[in-house]
Amino acid sequence: MNNGNRGVVFVSGASSGFGMRTTALLATEGYHVIAAARHRDRLEDLCAKNTDLAVFPLEVDVRDREGLAQSVHRLPAEFRDVSAVINNAGLSKGFEPVQSGIWDNWREMVETNVVGLLNVTNLLLPRLVERGSGHVVNVGSIAGNYPYLGGNVYAATKAFVHQLTLNMRADLHGTGVRASCIAPGKAETEFALVRHGGNRELARETYRGITPLDADDVAEAVSWCLSRPPHVNITMIEIMPTDQPFSLGFVPPRTEPTGTAKGTDL
Ligand code: NDP
Ligand code: 8X3
């Protein structure tokens, strides 16, 4: 049920998993949602499923600062006054130990999870500050809090997200703009499939024997953060499946490297 416009929310990574469910939930709650990701077909599908709701599909690669700026510049009038940003787009690639890390994987994770998040933030945060109110919700991970075998660079990108959120809070003091971080544990989305380079068997193994989180668990946490009264800033939420210990809960499989450029040629 659309309850009217509660504000415009920019959701990155809206074509799958957390971002897709967050888009659908927030739109149902009456927000106008800009659903951003690279897969236009999936975004259009999402809009087709929510025709009575205000969802605008924005085909962007968060790594492409210039393209992102141009797309945001061309937003239709009713989606221009962005009041909240959900920095969710992200991925993990590979499980190799750091000493045999695959450079292409490292670069893709850093360019998406760190630089991509900064591109979106750099572009949209000044607008929130100008309007004197707003909210940025960054999606981190428990991997940013606790080490596990093979987590290395992915985990470090998420630790960056956590620390950036805390520093955003410090810098945004007095602006009326809030900053929150949500750090989920294992959740069943396409995340594991991407991490394992499309290997469905290995992806399934990630969730064997446990009941993982689902995308709605995270979407609900995002919605809850946004819906707190203006004097409340939820700084950090960590959510884990009851079945998950602090580590991954299993020894990650060692797969053959899929990339070409290894760190040794630097
Ligand atoms: P999914 O793989 O299901 O979704 C990832 C989303 O990110 C997709 O919509 C993808 O869209 C988008 N994305 C990836 N790269 C880019 C890019 N360069 N530009 C724009 N969009 C991009 O995974 P999740 O929903 O699980 O992951 C969402 C976030 O949650 C990530 O940051 C992830 O690190 C984090 N996380 C996930 C956990 C899990 O266990 N699932 C646990 C903790 C954190 P497209 O390919 O169309 O661009
Ligand atoms: C991913 C969460 O626990 O699979 O960010 O590393 S976990």
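The values are calculated or read from the model by the stated rules, or taken from the named source; none is laboratory data. It should be emphasised that the depicted structure is a prediction, and the values quoted were computed from it without experimental measurement. Neighbour counts run over all protein chains shown; Cβ positions are idealised from the backbone, glycine included. All accessible areas refer to the heavy atoms of the entire protein, side chains included, with ligands and DNA or RNA removed. Shrake-Rupley method; radii C 1.70, N 1.55, O 1.52, S 1.80 Å.
Available extension along the chain between PHE246 and ASP171 is 23.9 nm, counting 0.36 nm per residue and deducting the alpha carbon span.
Counting only heavy atoms of protein chains, what accessible area per residue, in Å², does segment 8-239 have with a probe of 1.4 Å? On a per-residue basis, 43 Å². From its DSSP helices (H runs of at least four residues, each -39,500 (n - 2.57)), the chain gives a residue-normalised ellipticity at 222 nm of -11000 deg cm²/dmol. Look at the dipole of segment 8-239 built from charges on Cβ: of LEU26, VAL222, ALA14, the Cα furthest out on the positive end belongs to VAL222.
Stretching GLN163 away from ASN5 to a fully extended chain increases their span by 53.7 nm, per 0.36 nm per residue minus the current alpha-carbon distance. Out of the total accessible area of segment 8-239 (probe 1.4 Å, heavy atoms of protein only), what percent is carbon and sulfur? Here carbon and sulfur together make up 51 percent of the probe-accessible area. Note down the net charge around VAL218, summing +1 for each Lys or Arg and -1 for each Asp or Glu among other residues with Cβ under 13 Å from its Cβ. Charge balance in the 13 Å sphere: -4.
For ARG107, put the label point 7 Å out on the Cα→Cβ axis and report which residues of segment 122-166 keep their amide N under 20 Å from it. Label zone hits: 152-158.
Given a Förster distance of 25 Å, report the FRET efficiency between ASP214 and ASN122 from their Cβ-Cβ distance, rounded to the nearest 0.05. The pair ASP214/ASN122 has a calculated efficiency of 0.20. Pair-distance distribution P(r) for segment 8-239, from all Cα-Cα distances in 5 Å bins starting at 0: 1, 7, 14, 20, 21, 17, 11, 6, 2, 0, 0 percent. Only lysine pairs 8 or more places apart, or on different chains, with alpha-carbon atoms under 24 angstrom apart are counted in the chain, and they number 5. Go ahead and run the numbers for FRET between ASP81 and LEU193, Cβ-Cβ distance against an R0 of 41 Å, rounding to 0.05. Taking R0 as 41 Å, the efficiency between ASP81 and LEU193 is 0.70.
With the cut-off at under 19 Å, measuring from each backbone N in segment 136-152 to a point 7 Å along the Cα-to-Cβ line of MET236 picks out 136-148, 152.
Loop sites here are trypsin sites (Lys or Arg not before Pro) outside DSSP states H, G, I, E and B with no more than 14 other Cβ atoms within 10 Å. The longest part of the chain free of them is 81-207.
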